[in-house]
Amino acid sequence: MGILSRGTTDPIVIDVILTDLGRQRLAAASSSTVDFDIVQFSASDDDIDYSLFDQVGDNGLTFEDIVARVTRRNLIFEPATAGSTQLRSKLIRVPLNAVSSISKMPTLDLGPSLLGFTIAAGRSTNLVLNQTFSDNVIQPSLIDDSFFVQFNPRLIRLTSGGQSSAADITVDAFRVATTRFIATQVNPREGASISITVNTVFTSFDAVASQFGVTGDSLTTAVTITGKNTGISKTINLTISRT
């Protein structure tokens, strides 16, 4: 989405286009009986310079003055179609009557030994992430009932008891796969957790090393898990070893 302004008095023009993934879904729908319906969207504040708000009170500037400056100065002149370059700081929806009770956001945590983990070619390993709240008050809207997971489908495949459907897997122009997993456990007092089994798609390390031009006895790929409701994200580096 791009935001354009022709001047200080003219209205702001919002230019919205489909992302690469949206275009893929639209093209797929045009050649099948499946309708293309937009049922959800996300917003982010990646382009907001919050340091401008430090100027409130300077030379008589009010909060409303700064908001106007933010609106005019942080313009997105051209929509971006690559979802991987946008929406890194997602905005969330919280009921107004709950705003005052929220002082901290949840985090996605791994066990200390899993901050970086290794898997041998042809083997599998389990990945468990827990949504952790450092506050005593847990806002239900901040509990992620499902998670978006991004990974390299040429190296690994992911399975989970909470996977919604194999049809949910999409691959973008950069050959990054995205799928959605339903939380394997949701506790209204503790948050949600997700358990994923990671498998390599090959049994011979030499074969994949030759294909990708890897030298040495290991290669590294990443798995990124993002909460659907909160946008909280965690990237785990996975090392695939020869043995």
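Hey, got a sec? Which trypsin sites (Lys or Arg not before Pro) in segment 176-243 land in a DSSP loop and have at most 11 other Cβ atoms within 10 Å? Here the trypsin sites (Lys or Arg not before Pro) that fit, given the DSSP loop and packing criteria, are R189.
If the chain linking S233 and N126 were pulled fully straight, counting 0.36 nm for each residue of separation and taking away their Cα-Cα distance, it would gain 36.7 nm. Put in order of Cβ neighbour count within 10 Å, fewest first, the listed residues V201, V16, V223 become V16, V201, V223.
As a calculated quantity, the FRET efficiency between Y50 and T170 at R0 = 25 Å, using C-beta atoms, amounts to about 0.15.
No lab work stands behind these numbers, since they all come straight from the coordinates. A quick note: this is a predicted structure, and the numbers were derived from the prediction, not measured. A quick note on method: Cβ atoms are made from the backbone with ideal geometry, for glycine too, and the neighbour counts reach across all protein chains shown.
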